[in-house]
Structure formats: C-alpha cells, structure tokens
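Take a look at the structure set out below.
Just so it is clear, none of the values below were taken in a lab; they were calculated from the coordinates. Note that the coordinates shown come from a computational prediction; the quantities given were computed from them, not determined experimentally. Glycine gets a Cβ as well: all are built from the backbone with ideal geometry, and neighbour counts include every protein chain shown.
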Amino acid sequence: MRAGIIGCGVISDIYLKNLTGRYSNPQVVACADLFEEKAKERAEQYGIRAMSVEELLGDGEIDLILNLTTPLQHAEISTRALEKGKHVYCEKPLAVTVEEGRELLELAEKQGLFIGCAPDTFLGAGVQTACRGLADGWIGTPVAATAFVTSRGHERWHGNPGFYYQKGGGPHFDMGPYYITALVAAFGPVKRVNAMSKRTFDKRIVSAKGPLHGSVIPVEVETHLSASLEFENGALATLLMSFDVWASELPRMEIYGTGGTLSMPDPNTFDGPVRIRSMYGTEFKELPLLNPYDGNARGLGLAQMCRAIEQGEAICANGELALHVLEVICAIDEAGRTGEQVYCTTTCEKPPMLPQGILETEYGF
Ligand SMILES: NC(=O)c1ccc[n+]([C@@H]2O[C@H](COP(=O)([O-])OP(=O)(O)OC[C@H]3O[C@@H](n4cnc5c(N)ncnc54)[C@H](O)[C@@H]3O)[C@@H](O)[C@H]2O)c1
C-alpha cells in the first residue's frame, strides 16, 4: 500500500524512521505540511517527495493518508482524505468531538474505505502480554484498575506545545487515549463515567528550547482530572490525569483481580515489564513478553492495518475502538465540568490481539 503523510512535525520523524526501516508496508512516498519548508525538510531526510496538501490528496497513486496534524485539524484532514478515496490512519485523538468522530466512520463506510487510529502502543509487547495474562486468568476475574498520568505538561520539551492547551488538548485528550485504549483492550467497552476536574494555571510558559522558549500559552482546557469509569463487564477504573504535577512515585497502571494483581507497564510505551502477584505468591513475578514490538514501535498499528486491508483481516487499531475511546474522553471532560454522570452511547469490541509467534519480517510488516 502507498501512503502519504500530512503533518510533518515532531511525531512524523519516528513514523518515517519506522515506516522506511522497520516496517515494509505501507510504503511512504510523499509528505505535506501547512508549512512547505517542514515538508521539504522531512522529504529530504527520508528520500520521499514533498508536496502541497492539495497535491498529495489528489495524487492517484496514494492509497492511504497518515494524518499527523494536531488534534483540532484531525477531522478536517481525515474527511478530505476519505472524500478523495483514500484510507486514513490518524494520530490520536480520532477527532475532538464525538459527532466529528461518528461522521468520519460514517463517511469511511459510505466510501468503502477504512479508518484506523493511534494509539498503537496497546499492540506492543507490554500491553499485549498483559491482555493475554488477563485472558488466561492469571489474576482471576478482573475487578478494577487504577491509572495515573502525572506530568507537569509538555511545554517542558515540545517546541510548539500550544495545541496541548487548546480544545482537543489537556491530559485526557492527549494521554487518555493510551490509558483508556489499554483498559478497553483489557476489559472491553466503558458503560458510564464520573469525573471532577480543574484548570490549575490559566497560562503556561514554554520552557522547551527553540524559538518559542519563554512565550506564554493560554490554557483553554482542564489540566487536572480525576475520573471513575464503569466498564460493561462490571469492572471499575480510577484515573488521575494531570499536567499539573511536578513529581510522583505512583505506578502507571495496575489491574486488580479476584486472584491477584497485575502491574501494567506504561501504556504510553510499547514495552514491559508486566508483573503479576498471585493470591498464592509473596512477590510480583515478571511475565515473559509475547511479541517483539518494544522500543518505539510507532507505526505498528498502521502496518497491521495495511496488511489487514490487503488480506481481509480485522484491523486492531480500528475506527470503532478510537471512536469509543474518544467518547470516554469527552465524557470525562463533560462530567468533570458539569458534575453530571455521563453514559456512553458508543461501544466497541475488545480489539483483536496482534497475531502471536510470528517474527517481524515473516509477518510481512
Ligand atoms: N509529539 C509527540 O511526542 C507525540 C506523540 C504521540 C502522538 N502525538 C500526536 O501526533 C499529532 C501531532 O503531534 P506533533 O507533536 O507532531 O505536533 P507538531 O505541532 O509538532 O506537528 C504537527 C504538524 O502538522 C502541521 N499541520 C497542522 N495543521 C495542518 C493542516 N491543516 N494541513 C497540513 N499540515 C498541518 C503543522 O504545521 C505541524 O508541522 C498530535 O495529534 C499528537 O497528539 C504526538
């Protein structure tokens, strides 16, 4: 499959590195950005063509658009790509409202095309091993989970961090997809949401190196959220997501079962370790990892999607999953602002596991 990238910012680098090295499908042939020079720079770096957004969307040889723009632009770029007859794989979140997300899925279906979405970290060695451990009953029946996103904000390292504080930003839209997708992969879909939230600072100062160092960013979103989720299977999860915390010693995620506890790796990575303490044990024991996708394997979800489209398999990082995760994030946002409990209107299947026991090259990625 031939792909074109729209959005040549920070995250495009690792996608291009992996898609021109680690994975063989899709073949990335071109890139575009609102700023021509950014597209040219990436194109030169990776030996692909730089085009305007319009040219790239109109190119008949490109089958799929990898949308790496900022969240507020996701729906517009993905819509334009689908209208031009191209499959879409979008960075997270799928869109910034549930309505936009729903329209994207409807459009894809109408056009006979597929839409996939990051994160794909849940396909990595860590979360896949944890999901297998849960499915195989290592901690009995899962009862509950805790998840903690503690950070002082991306303005400390990202050169242009304004989007993290606009609509579609905040820790829930930015980091929530990793944690909520991992929880949905483990438990299945969410039924209802409660939350409280606050905006600790009205302004943030860019401390990352670069031209914007020292500039002031207005904060338009909540930056500290505490949420409770009830899943359709009855499990409960407690989430803390913050851009207001300087330091913490909390774990990233734990899952509690009737027969033990599973310590999850950071779901914002592809790595382990996955550790289990059974009701019969006295200490946590590490499980062997089930697949070779650790390190920064970004693009794995896209590579699997391309293979799935060509071979008629199920897409793991699929649109229904991304829409449900988006709805949970929007529900946390709404519940936090209004104090009202929110019931989900969307649902999804637990995403399929990445096929096991097949090496990267043999898998055809
Ligand atoms: N930076 C990270 O570490 C990281 C990690 C995981 C996911 N992401 C996600 O990746 C996406 C992009 O993040 P980033 O850090 O690369 O942002 P960025 O600001 O560095 O890059 C975004 C690029 O998109 C371009 N762009 C914006 N609107 C456009 C439009 N309408 N048409 C064409 N180009 C347009 C911008 O000019 C910019 O070059 C976000 O959704 C983010 O959540 C980022």
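Tell me, what are the semi-axes, in whole angstrom and largest first, of the equivalent ellipsoid of the stretch 272-318 as set by the roots of 5 times the Cα gyration tensor eigenvalues?
Over the Cα atoms of the stretch 272-318, the ellipsoid semi-axes are 33, 13, 7 Å.
List the residues of the stretch 126-165 whose backbone N lies under 18 Å from a point placed 7 Å from the Cα of LYS285 along the Cα-to-Cβ direction.
Output list for this probe position: 129-141.
Over every pair of different alpha-carbon atoms in the stretch 2-117, take the mean of 1/r and invert it; report that Kirkwood radius in Å. Write out the running numbers ahead of the final one.
Numbers: mean 1/r = 0.0721 Å⁻¹.
Its Kirkwood hydrodynamic radius stands at 13.9 Å.
Filter the chymotrypsin sites (Phe, Trp or Tyr not before Pro) in the stretch 5-67 to those in DSSP coil with at most 11 other Cβ atoms within 10 Å of their Cβ, and list the result.
Within the stretch 5-67, the qualifying chymotrypsin sites (Phe, Trp or Tyr not before Pro) (loop, at most 11 other Cβ atoms within 10 Å) are PHE35.
For the chain, what is the mean residue ellipticity at 222 nm derived from helices alone (per DSSP H run of n ≥ 4: -39500 (n - 2.57); sum divided by total residues; nearest 500 deg cm²/dmol)?
Values: 11 runs with 116 residues, N = 365.
-9500 deg cm²/dmol, from helical runs alone.
Going out from 0 in 10 Å bins, what whole percent of all Cα-Cα distances in the chain drops into each bin?
Binned Cα distances yield the sequence 5, 25, 34, 26, 9, 1, 0.
Can you give the FRET efficiency for TYR343 and VAL216, using 1/(1 + (r/R0)^6), R0 = 45 Å, r = Cβ-Cβ distance, to the nearest 0.05? Please list the in-between numbers first.
Values: r = 39 Å, r/R0 = 0.86.
So, using R0 = 45 Å, E works out to roughly 0.70.
Place the peptides 276-285, 83-92 in order of packing, highest mean first, counting for every residue the other Cβ atoms within 10 Å and averaging per peptide.
With the highest mean Cβ count within 10 Å placed first, the list reads 83-92, 276-285.
Anything over 28 Å Cα to Cα? Flag those among LYS167/LYS209; LYS17/LYS167; LYS40/LYS203; LYS40/LYS92, in the order listed.
Violating the 28 Å Cα-Cα cut-off are LYS17/LYS167; LYS40/LYS203.
Could the peptides 164-172, 334-342 be put in order, highest first, of the mean number of other beta-carbon atoms found within 10 Å of their residues?
164-172, 334-342
Tell me the relative contact order for the chain as a rounded percent, counting alpha carbon contacts under 8 Å between residues six or more apart.
RCO, the chain: 21 percent.
Taking 8 Å as the Cα distance limit and 6 or more residues as the minimum spacing, I'd like the relative contact order of the stretch 2-117 as a percentage. It would help to have the intermediate numbers written out before the result.
Values: 210 pairs, mean separation 27.0, N = 116.
Relative contact order, the stretch 2-117: 23 percent.
Near the amide H of ALA144, under 5 Å away, which other amide H atoms are found, from residues 5 or more places off or on another chain, if H is placed in the peptide plane?
It is LEU236, TYR256, by chain and number.
Highest mean first, how do 233-239, 61-67, 126-132 rank when packing is the count of other Cβ atoms within 10 Å averaged over residues?
On the way: 233-239: 17.9, 61-67: 21.9, 126-132: 24.3.
Final packing ranking: 126-132, 61-67, 233-239.
I'd like the projected area of the stretch 258-355, averaged over all directions, using the convex hull of its alpha carbons. Report it in nm² with one decimal.
Averaged projected hull area, Cα only: 9.1 nm².
Is there a quick way to get the dipole size of the stretch 2-117? I mean about its Cα centre, with the Cβ of Lys and Arg at +1 and of Asp and Glu at -1; what is the value in debye to the nearest 20?
Roughly 400 debye for the stretch 2-117.
I want to check the label-to-label distance for ARG192 and SER226. Put each point 7 Å from Cα in the C-beta direction and report it in nm to one decimal.
Simple spin-label model gives 2.0 nm for this pair.
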